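One structure is given below, encoded as structure tokens.
Any read-out appearing in this document is the output of simple, stated calculations on the displayed coordinates, not a laboratory observation. What you see is a predicted model, and the numbers here were worked out from it, not measured in a lab. Here the Cβ is made from the backbone with ideal geometry for all residues, glycine too, and neighbour counts use every protein chain on show.
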Ligand SMILES: Cc1cc2nc3c(=O)[nH]c(=O)nc-3n(C[C@H](O)[C@H](O)[C@H](O)COP(=O)(O)OP(=O)(O)OC[C@H]3O[C@@H](n4cnc5c(N)ncnc54)[C@H](O)[C@@H]3O)c2cc1C
């Protein structure tokens, strides 16, 4: 029998894989991480401009209400020297009217509606009591009870709570804003967990948007990766997995490009949905159904990072720009204000981001059209923006980050066909937390389960 490299082989060095590995370390189970890129956390890496300015739009979400949260706990387990700034509250700006609202932490339905009312394009008065009643039901639940509603469509649940069609429509408009989709997508796909998790996280103050320190380029995950190495959990960088190894019907490790193997008693895949089919043989329905569903909702995201030599952008907060109907046009991130240490002196760094469905991305003209949309919006809002730009870079990504917020099928925690194979990344279930925190929770929850299974 080939020698084992570790009890558990973790594939993927995003936040899910690293939190999975750290939790395995805490459980006393040996793990090895396989990372295909030169360094861990590649999907969260920031852009470098000028001599030392660093822009990013992926801000690790911190949910202290979840026992400190997954990545926070992982940093403790491996003693990683990383800290973070909590960004100032986000602003929502209606571009048509100039109305601006600050997302203050609002614990109750009445407080939430006071915060959001200036942005709703019609009066809420007649519906307000009913809306507050329904919102308060979900606001009072524990996160675990809310997570149990991950397969319940929002629209069904609102009806169960006695909400009529108009109330359902308003909830879908709110859900669309929170999940950066359209009311139609929200009505068809968003779960109670998706809508209320985002509302409680981002509007109710149960999750904070953070900027990692001391080095925004290294961010959160590079120190976690080094911490794992030091804790005896090797991270094998620049190693791409080609295929899962199955022996006697069980997962026994992974084969790498170039011919090497990494062997273990269990394999945790934390690679994100799109990469899973390439690693497995013909797909069983437990895997095929969630991946087909996820592909329907494949999103595209475009970002521009512009380094300016004049202060033509008078923003001090992360700002969501909405159109007259309240729909999201873009997010703007004035890096020098929200991420200390990110921007060299005498410069201003503005990151901008917009999300598109597959259809909207094709319609706008793909990468070039999406970038133009963002740059035109910034020049329109901040005259002189183009002239003040001394350096610029752009990124577009395909993404499935809506998956955890939908009620469609998700990857199971472990394969029922291949014992020893676990799914530990974004898009797997059970779910807890949102965004980066949610992916980290998937890894950490799965690590506890694997450790219990290995102990027998
Ligand atoms: C543009 C954008 C902005 C976002 N902004 C935020 C934000 O502000 N806040 C927030 O909380 N969340 C944000 N998110 C969501 C967040 O980034 C994800 O939820 C999270 O990164 C998912 O983590 P993961 O570890 O599951 O997957 P990933 O980060 O995708 O990690 C998967 C890893 O697996 C590796 N891998 C894949 N295949 C193989 C293979 N064959 N061999 C070896 N390795 C492999 C990949 O290289 C990758 O490193 C954003 C996402 C995007 C795309």
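For the range 364-385 and the range 203-251, what is the separation of their Cα centres, given in Å?
That distance is 33 Å.
Please work out whether the range 106-203 counts as rounded, prolate or oblate from its C-alpha gyration tensor, where a ≥ b ≥ c are the square roots of the eigenvalues and a/c under 1.5 means rounded, while otherwise a/b larger than b/c means prolate and anything else oblate?
Values: a/c = 1.35, a/b = 1.19, b/c = 1.13.
Rounded, since a/c falls under 1.5.
Place a point 7 Å from the Cα of residue 390 along the Cα-to-Cβ direction; which residues of the range 37-60 have their backbone N under 20 Å from it?
47-56
Relative to the first principal axis of the alpha-carbon coordinates of the chain, what is the inclination of helix 15-26, with its axis defined by its Cα atoms, in degrees from 0 to 90 and to the nearest 10?
50
I'd like the orientation of helix 221-230 relative to the chain: the angle between its Cα long axis and the longest Cα principal axis, in ° from 0 to 90, rounded to 10.
On a 0 to 90 degree scale, this one is about 20.
Where the Cα atoms of the chain are projected onto their three principal axes, how long is each span, largest first, in whole Å?
Rounded to whole Å, the extents work out to 70, 57, 40 Å.
Would you mind getting me the FRET efficiency between residue 316 and residue 296? Use the beta-carbon distance for r and R0 = 30 Å, nearest 0.05.
Numbers: r = 39 Å, r/R0 = 1.29.
Calculated transfer efficiency: 0.20.
So if R0 is 22 Å, what FRET efficiency would residue 165 and residue 325 give, r being the distance between their Cβ atoms, rounded to the nearest 0.05? Don't skip to the end; give the middle numbers.
Numbers: r = 19 Å, r/R0 = 0.86.
Once the sixth-power term is evaluated, E becomes 0.70.
Put a dot 7 Å past each Cα toward the Cβ at residue 248 and residue 3; how far apart are the dots in nm?
Between residue 3 and residue 248, the simple spin-label model gives 2.1 nm.
Taking 0.36 nm per residue of separation and subtracting the Cα-Cα distance, what length does fully extending residue 76 through residue 288 add? Kindly include the intermediate steps, with their values, before the conclusion.
On the way: separation 212, 0.36 × 212 = 76.32 nm, distance 3.64 nm.
In short, 72.7 nm is gained.
Subtracting the Cα-Cα distance from 0.36 nm times the residue separation, let me have the gained length for residue 359 to residue 397 in nm, one decimal. All intermediate terms of the calculation are to be shown ahead of the outcome.
On the way: separation 38, 0.36 × 38 = 13.68 nm, distance 1.49 nm.
Extra length from residue 359 to residue 397 when fully extended: 12.2 nm.
Tilt of helix 435-455 relative to the longest C-alpha principal axis of the chain, in degrees (0 to 90, nearest 10)?
Relative to the chain, helix 435-455 is tipped by roughly 20 degrees.
Cα gyration tensor of the range 139-277, axes a ≥ b ≥ c as square roots of the eigenvalues: rounded (a/c below 1.5), prolate (a/b > b/c) or oblate? Before the final figure, lay out each step's value.
Working: a/c = 2.84, a/b = 1.84, b/c = 1.55.
The shape class here is prolate.
Based on DSSP H runs of at least 4 residues, each adding -39500 (n - 2.57), what is the mean residue ellipticity at 222 nm of the chain after dividing by all its residues, to the nearest 500 deg cm²/dmol?
Numbers: 17 runs with 162 residues, N = 456.
Result for the chain: -10000 deg cm²/dmol, rounded to the nearest 500.
Could you tell me the calculated FRET efficiency between residue 114 and residue 379, based on Cβ-Cβ distance and R0 = 30 angstrom, to the nearest 0.05?
0.35
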